[in-house]
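Take a look at the structure set out below.
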Amino acid sequence: MHPKLFAFCLAASLLPAAVPDVIKVDTGQVKGSVSNGVATFKGIPFAAPPVGALRWQAPQTAPHWKGVRDAQEFGARCMQANIYNDMIFRDKGPSEDCLYLNVWTPAASAKARLPVMVWIYGGGFAAGAASEPRQDGENLAKKGVVVVSMSYRLGVFGFFSNAELAKESGHNSSGNYGLLDQAAALKWVHRNIAGFGGDPGKVTIFGESAGSFSVSAQMASPLAQGLFQRAIGESGAFFSTVLSQKPLAESEEADAKFAESIGAHSLADLRAKPAAELLDAAGKQNGIRFAPNIDGYFLAQSVREIYAGGKQSHVPLLAGWNHDEGGYGSIFGKDPPTAANFVAYAHKHFGDRADEFLKLYPADSDEQAKRSAQDLAGDQFIAFSTWKWIEMQGATGNSTVYRYEFDDAPPGGDSPSRGAYHSAEIEFVFGALASKNLPWRPEDKALSDLMSTYWSNFAKNGDPNGAGLPQWPAYSSQANYPVMHLDAVSHAAPDDHRQRYEFLDRK
């Protein structure tokens, strides 16, 4: 053989095998696309369309298909209104027929047995989809993990309770269909991910906001135990009054009034309603009207009670929140953001504990009062519940816990930066800064690379640490409750706000 030809053949033999673009799953074959060494499969059904008689039923088995199904476009997002202006979707629009998932795999073959990361999007259980560019899995997959994202039913379609539904269920429960969808997607992963080069015995669930609340709930539910081995929560958990879970009887009573208000006097009437009409009626309710409840099946008790009893999944947990989760306006309302008004707020809401409160949230100047109000808003909204989750998993979960705070303030572009606001970390985790047209700085790109490495390391080993990375110590009282601060210069430091959360915990 000619030396140059031999050298070419040798070099070719050292390249990774071609990433397969046709995979067999338990319901048929799917054909994806390959780009930059990652094979992507979009819009794979993981359950039957929840329409007609299947509206408000637990997810059913997806139908089989013949031939090869094209998997190069996202499935429809679940029914929702236009609620959040920062959500950009790449699917064709909302539909009740929405139980689809996506897979990004860098595996060269089914024998790779790579760790799997299953993403659960946020959106207050009322909005969100797996097609958002900031949640694209391609770059994260390049870290050596298989990434999966799924859709789940939202709002009235995902969390409506009804006595007739409870009788129909076979286990006397109703509601939580969105959480059951998530569990069904995890079961699909368990059955099928090996074909994509993933390891069904090394699955990490991770999510943000309502997705993080969902992670805390999946850890609590007996239906999901054994389907994942690690968990990551970004901003939120079911451990406070935010998205508090109603008992089944209470949610059924409230939802019966909703049904009567739209002229639906039976389950048949409700299922006969067009989806758009239901969505419009639900949108006129106050606040987040339809959300997870204590249904007696997916959740036999509140999430907090389950953790208190140590009955949750005993898996490593990585969790935290962002520096600027809330806004001071939610504390001051229509009042000017002054120190005097913040002191008045303290006395009104905390009574004889006001002096202690003001030591933790000081108001010696108007500017300091604004910052304290912003901290309080973030604590009440997200930080406290996530802190309590971390504390309880550490106490009863027999697992290693890692805690972070995301401190990077993304550039604002044409407007001032909003600080490290709620959801700002998503594109950093996914290595998807390019999904937003902002003047990203070198330090932002470096932080995104660091975070996606930490997250994928955790998926691989249950430990975010790795060679050349700032050391991230496990969270413990012996180490003074260390927090990894994720910023231009990431570093671990003892928790300097613990007294705030302990104060709020004594309410």
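Couple of notes before you dig in:
- 1.4 Å probe accessible area per residue over the chain, in Å²: 41
- A simple rule links phi to the HN-Hα coupling: the Karplus curve 6.51 cos²θ - 1.76 cosθ + 1.60 with θ = phi - 60°, which for the stretch 113-121 gives 6, 7, x, 10, 10, 9, 8, 10, 6 Hz, with x for Gly and Pro.
- The chain - mean residue ellipticity at 222 nm from DSSP helices (-39,500 (n - 2.57) per run, n ≥ 4, rounded to 500): -9500 deg cm²/dmol
- Global size of the stretch 209-281 as Cα Rg and Dmax, reported in angstrom: 16.6, 46
- Taking all Cα pairs closer than 8 Å and separated by 6 or more residues, the relative contact order of the stretch 273-374 comes to 23 percent.
- Taking the Cα atoms of the stretch 74-140, the ratio Rg/Rh between the radius of gyration and the Kirkwood radius comes to 1.03.
- Pairwise centroid distance, computed over Cα atoms, of the stretch 80-157 with the stretch 290-323, Å: 22
- Over the chain, the pair-distance histogram of Cα-Cα distances with 20 Å bins from zero comes to 23, 55, 20, 2, 0 percent, rounded to whole numbers.
- At q = 0.24 Å⁻¹, base-10 log of I(q)/I(0) for the stretch 179-253 (Debye sum, equal scatterers on each alpha carbon): -1.12
- The alpha carbons of the stretch 260-329 occupy a box of 46, 38, 16 Å along the principal axes, longest dimension given first.
- DSSP-assigned coil residues among trypsin sites (Lys or Arg not before Pro) in the stretch 24-78, each with at most 11 further Cβ atoms within 10 Å: Lys66
- Cα gyration tensor, the stretch 28-110 - rounded (a/c under 1.5), prolate or oblate: oblate
- Kirkwood's formula applied to the C-alpha pairs of the stretch 358-429 gives a hydrodynamic radius of 14.6 angstrom.
- Pairs from Lys187/Lys257; Lys246/Lys311; Lys142/Lys311 whose Cα-Cα separation, in the structure shown, is over 26 Å: Lys187/Lys257; Lys142/Lys311
- Accessible area of the chain belonging to carbon and sulfur atoms, whole % at 1.4 Å probe: 53
- The alpha-carbon atoms of the stretch 234-393 define a convex hull whose volume equals 173 cubic angstrom per residue.
- The stretch 349-507: radius of gyration and largest Cα-Cα distance (Dmax), Å: 17.3, 51
- Counting DSSP beta bridges with both ends in the chain, the antiparallel % (nearest 5): 35
- Normalised convex hull volume, the stretch 191-322, alpha-carbon set, Å³ per residue: 163
- Relative contact order (percent, whole number), the stretch 99-168, Cα cutoff 8 Å, 6+ residue spacing: 45
- The coefficient of translational diffusion for the stretch 127-183, derived via Stokes-Einstein from the alpha carbon Kirkwood radius under 25 °C and 0.890 mPa s, stands at 183 µm²/s.
- Percent of Cα-Cα distances greater than 14 Å, calculated over the stretch 460-507: 60
The values are calculated or read from the model by the stated rules, or taken from the named source; none is laboratory data. What you are looking at is a predicted structure, and each value in this text was computed from that prediction instead of being measured. Cβ: placed from backbone, ideal geometry, glycine included. Neighbour counts: every protein chain shown. Side chains included, ligands, DNA and RNA excluded: accessible areas come from the protein's heavy atoms. Shrake-Rupley method; radii C 1.70, N 1.55, O 1.52, S 1.80 Å.
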